[in-house]
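Notes for the one structure printed next.
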């Protein structure tokens, strides 16, 4: 059974009941969900890093160094999407979910599309 460490850009204060942040790099906080199969094991939060420290790649590296292997996002530009691909983080489109919890359940049930270059928001990170 596969284990996932999922990051979801979130409105404050984060958590499963929070709204999904629409642009991963500009959110204040990420909700981090550890799941095994379809079971949620742990929920925590991780503050974002200032965008000035490394531009678009700062949040990419921040999440990767914190063990994240899946990101559910509402939008991002091409550069960070390529960065996530380089560090082995799979990105999924979760903009239609009303809450972080709904987005996570949709992912765990295989109902979220993979984020591809067709979905990028021209520089909206």
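The values are calculated or read from the model by the stated rules, or taken from the named source; none is laboratory data. Worth saying up front: this structure is predicted, and the values here are computed from it rather than measured. Note: ideal-geometry Cβ built from the backbone for every residue, glycine included; neighbour counts use all protein chains shown.
For the range 69-81, what are the residues that are in a loop (DSSP other than H, G, I, E, B), surrounded by fewer than 24 Cβ atoms within 10 Å (Cβ to Cβ) and either at pLDDT 95 or above or touching a strand residue (DSSP E or B) at 6+ places or on another chain (Cβ under 9 Å) (or both)? First the steps, then the outcome.
In the first step, residues of the range 69-81 are kept if they are in a loop (DSSP other than H, G, I, E, B); the result is 69, 74-77.
Next cut, surrounded by fewer than 24 Cβ atoms within 10 Å (Cβ to Cβ) only: 69, 74-75, 77.
Scanning the range 69-81 gives 69, 74, 75.
Residue 62 passes all but one of (1) in a helix (DSSP H, G or I); (2) touching a helix residue (DSSP H, G or I) at 6+ places or on another chain (Cβ under 9 Å); (3) more than 21 Å from residue 102 (Cβ to Cβ); which number fails?
All conditions pass for residue 62, except number (2).
Keeping to the range 10-35, report how many residues are closer than 17 Å to residue 69 by Cβ and at pLDDT 95 or above.
6
Residue pairs, Cβ under 7 Å, 6 or more apart or interchain, first in the range 75-100 and farther than 14 Å from residue 23 by Cα, second modelled with pLDDT of 85 or more and in a loop (DSSP other than H, G, I, E, B). List them.
Taking only residues 6 or more apart or on different chains, the pairs are 88/69; 89/68; 89/69; 90/69; 99/16; 99/17; 99/18; 99/19.
I'm trying to understand the selection: among the residues of the range 42-63, which are more than 18 Å from residue 10 (Cβ to Cβ) and at pLDDT 90 or above?
Passing the criteria: only 61.
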